[in-house]
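Chemist: My questions will all concern the structure given below.
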Amino acid sequence: MSRRSVPILLTALLASWLLPLLLGLLRLDVLLLPVLLLTLASVLRVGGVLLDRLVLAGFLLAGAMLVLALPASVWPWGPAPAPVAAVLLTLVSTAAWIGRRRPSLPWRFRGTDAIVVGTGLLSWYLVRRGASGGKGLGPYSGMMIGDRFTHFSIFDAIHRIGGYPFLLHAQAGPYMFSNSGDVYPQGSHMLLAWTDVFLRSSTGTGSPVAEFGRYCGYVVVAFAVLSAVLVWAARWVGGPRLRGWRAAAVCSVTASLVAASPLVKLLANGFDSEVVGLACFAVVLAVLLRPAMGRLEFVLLGCAGLVTVAYSYNLYAVLVGLALLASLWAFRARDSGRRLAVYGGLAVGSAVAVIPSVVSVLSSFNIATQAAAGGAIVPMSRPLIIGAGGVIVLAVLVAGRNRTPTERALLLAVAATAAVLLLFGGWQLHTLGKVSYYFEKLVSAAFVLLLVGLGVAGALLRPLVRAGAQDGLSLRLRQPALAAGSAAAALTLIAGFQWGVPSGGTLPSGAALPEVWQTTALAQWSDGGIPSRIDQTTYTFLARDLARVDPAAPVVTLYTDSGAQNWQTTYFAQTMLRNDVMMSQMVPVYSIPIGGTMRSPQVQRDALYQLRLLMRQLHRPATVLVGNAVLARQLDHDLNSAGHRAAAVVFAPLLR
């Protein structure tokens, strides 16, 4: 806007409220998502191609929605789409009017857009294919695991209470397990819950089975977004020097590293908030390492990065802070004269970003205890990490005195991240005698940093012509040929694609050796080779037992001889039944490793003690589903003796 016209502002503000209300009445709230994205993208002044603008606008929108969720947790409309969209559109319209910004979009594209989008689509297809598992549970039967049930319970609680559980602790408590509201960051769940509300034009949840299916679908999309933004971030960091076949080579190498990495195992273990956190981490790293934008956009996107990462996976917020300091130092000349405004804006963003963590620490969250906690580990490939790190160091060394601020910021960020790993790993070795769960989480973030930093490696590749030379027909033909060749080479050398060429040799069974690609985690997941550990028990509960238990009574599932599987399936049963009574009482199920067979007398006595303890804690009769007929009769006798009926014990063999 060349001048501030009050009628234009009033018209924009009126439209900001009328459009969401109209779409809400028509139950077309889903259209508000592209409206919000395009409106925000049209007033930003960053990115020379449409994909860059949309990625950064979507990232800023995510940060804005997480901040808006703070007041929305207490206002009377809850997460209803219309007021949320109206407030956001009002803020964007007012900011555009004050800044005299006329809406415009860069309708330009790059050939490597296809690699970025294609990586996301291929990841979605492969993960979606493998998520179906081997049981008739619908499209996401392969995603049944206890940690995902915790994430789903937070997602469900946000729907039911209309805000952040850490702010509405008393209301959320009955819907979530133990202290998960204090331990688990809730930004990813809030984003997915709001996505669900906009898509369905409803704040209701529907049936729990359908809601869980939708949640799993959103998580699969989140992983596809992570895969795509890793490639995009590497291209962004490469900057204007990364053009032609060199851009295709860097994007293809990054995509191949994503495909060859064990990142998909994050899904297999139910680390949903980490997937979202890493996606946000990748985007903010790209912004900080190459802040090719005005100061206002830099502050807004920097604050969005601090908020999205801290709210989604607060462990990585420390690394974002270090990368931010590296960026401010490397690009300090750019901010001269306006440092107070830049630093002040980032300080405000930092203060908002730490709100959930401060609330958690002031409640039951203990940092030292959590840092030493154990859990399932997804180790990132050390050869991939070493190789990517070596390429980055080589590119920076080759630049010599011609090092760009981006390369300086990257070198500082890598060094700072390595220092954090060494310090935290040393603390865990001193405290635990080994590196554990959260060390590997930090290694995953370091892997993402190195993938994003690969953008600087484009400087190691020779362009086809020197700067200023004429682009002839030969050059225009060689560019796509080299781009295709570099993509094929990357997929072959890194991801293990063999393009139909047999591996040669045979396995001990006589079968032909698989292609190298088929041994990667992503390919194995896609082929069902990383099955859910409890897909059979959850299948049994949903296919048969959900319909025959009393939804108002607590349910304990003892289908197997594994206490961990019994606990996870019991947890799943409570989420499907929305039974609030069991949520805070399930811990003893871990110590009940009976159900599938008759165990030794000592094991059964210990398990019976834990089961009786659980029954006393519930203060009401429960339904106990037991996979072995003889054991079911024995437990029925032991639990319901002396005229007191503590439980309805039901023989429930596993469905095969």
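The values are calculated or read from the model by the stated rules, or taken from the named source; none is laboratory data. Predicted model only: the values in this text are computed from it and were never measured. Here the Cβ positions follow ideal geometry from the backbone for every residue, glycine too, while neighbour counts run over all protein chains shown. Note: areas computed on protein heavy atoms with side chains; ligands, DNA, RNA excluded. Shrake-Rupley method; radii C 1.70, N 1.55, O 1.52, S 1.80 Å.
Chemist: Among the residues of the stretch 420-449, how many are touching a residue at least 60 places away in the same chain (Cβ under 8 Å) and either touching a Gly at 6+ places or on another chain (Cβ under 7 Å) or open to solvent by 40 Å² or more (accessible area, probe 1.4 Å) (or both)?
Modeler: 3
Chemist: Another question about this same structure. Mind listing whichever residues of the stretch 175-221 are of a type in the set (A, V, I, L, M, F, W, C) and open to solvent by 20 Å² or more (accessible area, probe 1.4 Å)?
Modeler: Passing the criteria: 177, 183, 191, 192, 199, 209, 210, 221.
Chemist: Could you tell me which of the residues 277, 270 is of a type in the set (Gly, Ala, Ser), open to solvent by less than 10 Å² (accessible area, probe 1.4 Å) and at pLDDT below 95?
Modeler: On inspection, the qualifying residue turns out to be 270.
Chemist: Considering 491, 542, 475, which residue is surrounded by 13 or more Cβ atoms within 10 Å (Cβ to Cβ), at pLDDT below 80 and out of contact with any Lys or Arg (no Cβ under 6 Å at 6 or more places or on another chain)?
Modeler: One residue alone meets the criteria, 475.
Chemist: Quick one: which helices (runs of 4 or more DSSP H) lie wholly within the stretch 3-103 and hold at least 2 residues that are free of Cβ contacts under 8 Å to residues at least 40 places away in the same chain and more than 24 Å from residue 284 (Cβ to Cβ)?
Modeler: 6-25
Chemist: Which of the numbered conditions does residue 55 fail, given that it passes all the others? Conditions: (1) β-branched (Val, Ile, Thr); (2) modelled with pLDDT of 95 or more; (3) closer than 23 Å to residue 159 by Cα.
Modeler: (3)
Chemist: Scanning for something open to solvent by 30 Å² or more (accessible area, probe 1.4 Å) and at pLDDT 90 or above, does the stretch 399-407 turn up at least one residue?
Modeler: Within the stretch 399-407 (the criterion being open to solvent by 30 Å² or more (accessible area, probe 1.4 Å) and at pLDDT 90 or above), the answer is yes, since at least one residue qualifies.
Chemist: Against the condition among the polar types (S, T, N, Q) and modelled with pLDDT of 90 or more, how does residue 207 come out, does it pass?
Modeler: Considered against the rule, which asks whether it is among the polar types (S, T, N, Q) and modelled with pLDDT of 90 or more, residue 207 comes out as no.
Chemist: Also, quick follow-up: From the list 84, 127, 116, 92, which residue is among the β-branched types (Val, Ile, Thr) and in contact with a Cys (Cβ under 9 Å, 6 or more places away or on another chain)?
Modeler: Matching residue, one of 84, 127, 116, 92: 116.
Chemist: So which residues in the stretch 46-58 are surrounded by fewer than 23 Cβ atoms within 10 Å (Cβ to Cβ) and closer than 11 Å to residue 300 by Cβ, if there are any at all?
Modeler: If the condition is that a residue be surrounded by fewer than 23 Cβ atoms within 10 Å (Cβ to Cβ) and closer than 11 Å to residue 300 by Cβ, then 46 is the only one that fits.
Chemist: Here is a follow-up. Could we say that residue 462 is out of contact with any Phe, Trp or Tyr (no Cβ under 8 Å at 6 or more places or on another chain), more than 29 Å from residue 119 (Cβ to Cβ) and either modelled with pLDDT of 80 or more or part of a loop (DSSP other than H, G, I, E, B) (or both) here?
Modeler: It is false that residue 462 is out of contact with any Phe, Trp or Tyr (no Cβ under 8 Å at 6 or more places or on another chain), more than 29 Å from residue 119 (Cβ to Cβ) and either modelled with pLDDT of 80 or more or part of a loop (DSSP other than H, G, I, E, B) (or both).
Chemist: Are any residues in the stretch 104-117 under 27 Å from the mean Cα position of the chain (by Cα), under 14 Å from residue 487 (Cα atoms) and touching a residue at least 24 places away in the same chain (Cβ under 8 Å), and if so, which ones?
Modeler: Those that are under 27 Å from the mean Cα position of the chain (by Cα), under 14 Å from residue 487 (Cα atoms) and touching a residue at least 24 places away in the same chain (Cβ under 8 Å): 112, 113, 115, 116.
Chemist: Right, something else. Out of (1) part of a loop (DSSP other than H, G, I, E, B); (2) closer than 21 Å to residue 63 by Cα; (3) touching an Asp or Glu at 6+ places or on another chain (Cβ under 8 Å); (4) not polar (S, T, N, Q), the odd one out for residue 291 is which?
Modeler: For residue 291, the failing item is (3).
Chemist: Pairs needed: first member in the stretch 251-266, over 13 Å from residue 116 (Cα atoms); second member anywhere, of a type in the set (Asp, Glu) and at pLDDT 95 or above; C-beta distance under 7 Å; at least 6 residues apart or different chains.
Modeler: 266/274
Chemist: Here is a check on your reading of the model: is residue 599 more than 16 Å from residue 548 (Cα to Cα) and either within 27 Å of the chain's Cα centre (by Cα) or modelled with pLDDT of 90 or more (or both)?
Modeler: The answer is yes for residue 599.
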